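Input: a single structure, listed below in structure tokens.
The values are calculated or read from the model by the stated rules, or taken from the named source; none is laboratory data. Just so you know, these numbers come straight off a predicted model, no measurement behind them. All Cβ positions, glycine included, derive from the backbone under ideal geometry; neighbour counts span all protein chains shown.
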Amino acid sequence: MPTKKDVERILENRDWKQLYAWGDENKSLYRQLMARIYVKDGIVFWRAVEALGVFAHYIEQKERNYALELVRRYFWMLNEESGGTAWNASEAIGSLIAHCPRTCGQFNWMLSGLLEDESLRDGALWGLGQLAQVNPPLVDPLEERIRPFLESEESLARGLAALIYILVRVPLDDFALYRAEGPKWSVPSELDQRLKNDQSLLEIYQDGELRSYRVQELWQAQTVAFWTEKLMIKDLEVELTVATSSLGLCWLGLSPAVEEEKSLRTWASRWLPKWFLIRKREPNGEVIRQLQEYLAGKIKVFTIPLHQLGTPFQLKVWEELRRIPYGETRSYGEIATKVGNPKGQRAVGMANNRNPIGIVVPCHRVIGKGGSLTGYAGGVEIKQRLLELEGL
């Protein structure tokens, strides 16, 4: 069993691989994480909160309802008759539900019920904010319980409530990829204006870090909605992950979903800092529809607006990729010449490899000298089938 110092070390480093290894040896590791959550002392506390959810999700893959029992245990400990203690229970419950929404999502109402207790309020709001990012429909019915905190005297409560509103209301506009209507959460214009001008600072734990925001930033937070769908490329089933912002499609990857989400988060932390990722299908519906039609041979050209982010050279290469017609290929050397760097085949290859929008920005149409397929971020098998689909 790991020592207290061992646990502190993995929390400081967010070393979830080691956490998994210890969990395989002893599932009661959760007790040490629960004990660490009793002390609210900054970043390591929050990493312990996150680790409890991560750990429960991992064990639940092997032991059904593991997370469910932990959530029940916490609610029992909050019961006065239990005789137990549950310091900072709302943060822990929020992490467990957000990491395991399929099995624990039915506790959404009970989590929102903790908002009535001032000592549990901030943790419950944080947990609901995390849940809104992974499963917004579970938070949608809770508007009446969350709305009063938009006018709270405490900036942390106001900011967390503002963030939840924005996350649940996506989509918000008439942009082509956001046709589906979002929930009807709304506020009076006077309150809306007040929140837009609210300069109050707060700090929240997000994506492994404690980050500072102003309330107005959270009320007008920028979001990226992502979704993974299983599709067939000829005879090969793939997990296709797409992500869109209010400007257009910004990510399309073909690696397994867990790997792809990790890559997407790393990419977003660099190019879209302080933006929030939401797991939601509806804003990506038009993208998925056009991809299905392309893979079925019904369309050859995509009409999806793009939100491309990269270095000036990368953007130049990706623009050239979009000029390659359906059913045709180009060599790395030809692309290098087109972008004004005839000896830059290697640089073109690197830009190809870092193209965040596969298929639609068709890096699969770039091949090696002599016709070799060379590398492809989604795998050479997928590249080959995409070219076969286009008659090559």
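The table below lists the values:
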item	result
Single match in Lys280, Lys262, Lys298, Lys316 (criterion: touching a strand residue (DSSP E or B) at 6+ places or on another chain (Cβ under 7 Å) and among the charged types (D, E, K, R))	Lys280
Of the criteria (1) in contact (Cβ under 8 Å) with a residue 40 or more places away in the chain; (2) closer than 23 Å to Glu229 by Cβ, which one Lys274 fails	(2)
Odd one out for Pro273 among (1) out of contact with any helix residue (DSSP H, G or I) (no Cβ under 6 Å at 6 or more places or on another chain); (2) crowded, with 17+ Cβ neighbours inside 10 Å; (3) not in a helix (DSSP H, G or I)	(2)
Hits in segment 121-137 - residues which are buried (at least 20 other Cβ atoms within 10 Å of the Cβ) and at pLDDT below 95	Pro136
Residue, surrounded by the fewest Cβ atoms within 10 Å (Cβ to Cβ), within segment 57-75, restricted to residues that are under 23 Å from the mean Cα position of the chain (by Cα) and more than 18 Å from Leu128 (Cα to Cα)	Gln61
Of the criteria (1) more than 24 Å from Gln106 (Cα to Cα); (2) in contact (Cβ under 8 Å) with a residue 12 or more places away in the chain, which one Lys5 fails	(2)
Sole residue being touching a Gly at 6+ places or on another chain (Cβ under 7 Å) and not in a loop (DSSP other than H, G, I, E, B), chosen from Ala347, Ala351, Ala336	Ala336
Segment 39-67 residues that are at negative phi, paired with ones that are in a loop (DSSP other than H, G, I, E, B) and acidic (Asp, Glu) (beta carbon under 7 Å, 6 or more apart)	none
Residues satisfying the stated conditions in segment 342-351, i.e. in contact (Cβ under 8 Å) with a residue 12 or more places away in the chain and either farther than 24 Å from Gly378 by Cα or buried (at least 23 other Cβ atoms within 10 Å of the Cβ) (or both)	Val348, Ala351
Unique match (being in contact with a strand residue (DSSP E or B) (Cβ under 7 Å, 6 or more places away or on another chain), among the acidic types (Asp, Glu) and in the same structural domain as Ile164 (by TED's automatic domain parsing)) among Glu229, Glu203, Glu217	Glu203
